[in-house]
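The values are calculated or read from the model by the stated rules, or taken from the named source; none is laboratory data. The shown structure was predicted, so the numbers you read here are calculated from the model rather than taken from an experiment. All Cβ positions, glycine included, derive from the backbone under ideal geometry; neighbour counts span all protein chains shown.
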Amino acid sequence: MAILKSSSVDSDASATIMSFLPEEIDLGDDLLAEIIVRLPLDSVARSRGVSKNWCAAISDGYLRRRLPLHMSMICFPDNDNDDPFGGGGGSRPVFACAAEGRRLEGRDLGFFPLHERAVVCDGCNGLLLCRDPGTFDFYVVSPVTRSWAAIPRPAKDARLSLLAFDPFGIGTSYPPQQHYHVINFTGWRERGAAVEVFSSATRAWTAHEAEFGGVAAGSLSGASLHCHDGAVYFLASDPDCVVRMDLAAGLACTVLALPDPADGEGRVAHSGGRLHYVCSDGELLRVWALEDVVQPSPATAPRQQEWRLKHAVRVGEVVEGGNDGGEVRFLAMHPEKDAAVYLWSPWKVVEYDLSKREVTGAAWEFGKGARNRVAKTWLVPSSCYLSDGLADGPVAR
């Protein structure tokens, strides 16, 4: 890989020296990789536009697998006067990314032409789903790569719109198939719904009649939406269960009972390829993992799984102030280490090790006096943010 030299010179002597230098300095792929993995995410993203060679290097599988985890989130300031990141966002939703110096930085969405009037319907793993009020016009926006795509209009108006995007891709192929889906619930049934689903792979909407496996439609929580490997997971409260909706199988749903009631504070996540359930009753934070049950014999016996309690910590032990009634809320789980979780507490986000029962040192603070409601948080490899998940259709930058 090469870095282009500067064409400007300050004197005849420097011009003479420069004349002996090659037009390109070949650093070698290994050295270039060492430089890139130490750059902030923004710098890496911008470096994709330096040249075709640089873009190819950053997209290379070896380098992309080495890029560190990166956290982003959607925040809602409590009132118009709160401005947690200095961007003047007011009460409008703010897309923020973790930065150096224990800070959270708000992302400027000015590159999106409708940013001042569009409504943020949902967000998923670094992408935002926006809608132009009063219309059927939807847009998918990537604040990190500063790109956006308009999607075709659906046939019907939506009662609820959700975005499903798995940055790890679907299946085991490389590069992963990073398609997204927009799920519009257009009509509710007693235990199901009329649904339209847009796939970025086909650039088309398809209509479905979804049945929620006997679960009442009114008990599903859109706020607990979780995407993994081509499926969408919802928490339900009547009964307390997880509803898994398979996007590749015509929205076929399966139901899995929960070990503890959700009580409005439950979440599901994947870590190490296993489904986890996190819940809190205000005093105790519990983390359950869905594990295979060892079958003695025969080997052809149906696969069985059960929930096993992995961690249980008192809220007051998590962060300072917890014993005084301070709110502690689960945001995200490390995709590989199930003991590492990310929690919100006034007024910061912390990384907490459930095994060691201590804050690991990673903490990001809001602006002084800023009070926020963090709606959703994502923690994925930086390489996933750099993958152009919008490339399946027309993209504007």
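The number of residues in region 225-269 being under 27 Å from residue 202 (Cα atoms), in contact (Cβ under 8 Å) with a residue 40 or more places away in the chain, assigned to a strand (DSSP E or B) and of a type outside the set (Phe, Trp, Tyr) comes to 7. Among the residues that make up region 179-187, is at least one of them in contact with a His (Cβ under 6 Å, 6 or more places away or on another chain), surrounded by fewer than 20 Cβ atoms within 10 Å (Cβ to Cβ) and in a loop (DSSP other than H, G, I, E, B)? No: zero hits.
Of 122, 108, 42, all but one fail to be assigned to a strand (DSSP E or B), closer than 25 Å to residue 396 by Cα, at pLDDT 70 or above and not hydrophobic (A, V, I, L, M, F, W, C); the exception is 122.
For region 233-277, name all the residues that are in contact with a Gly (Cβ under 7 Å, 6 or more places away or on another chain) and either within 20 Å of residue 375 (Cα to Cα) or not assigned by TED's automatic domain parsing to the domain that holds residue 331 (or both). Correct list: 235, 277. Count, please, the residues in region 139-158 that happen to be among the aromatic types (Phe, Trp, Tyr) and at pLDDT below 95. Residues that pass the stated criteria total 1.
So, in region 148-170, of the ones that are part of a loop (DSSP other than H, G, I, E, B), out of contact with any Leu (no Cβ under 9 Å at 6 or more places or on another chain) and not basic (Lys, Arg), which residue ends up surrounded by the most Cβ atoms within 10 Å (Cβ to Cβ)? Among those residues, the one meeting the criterion is 166. Pairs are defined by a Cβ separation below 6 Å, a sequence spacing of at least 6 or placement on different chains, a first member in region 179-206 that is in contact (Cβ under 8 Å) with a residue 12 or more places away in the chain and assigned by TED's automatic domain parsing to the domain that holds residue 247, and a second member that is surrounded by fewer than 20 Cβ atoms within 10 Å (Cβ to Cβ) and polar (S, T, N, Q); the pairs so defined are 181/199; 194/186; 196/186; 197/206.
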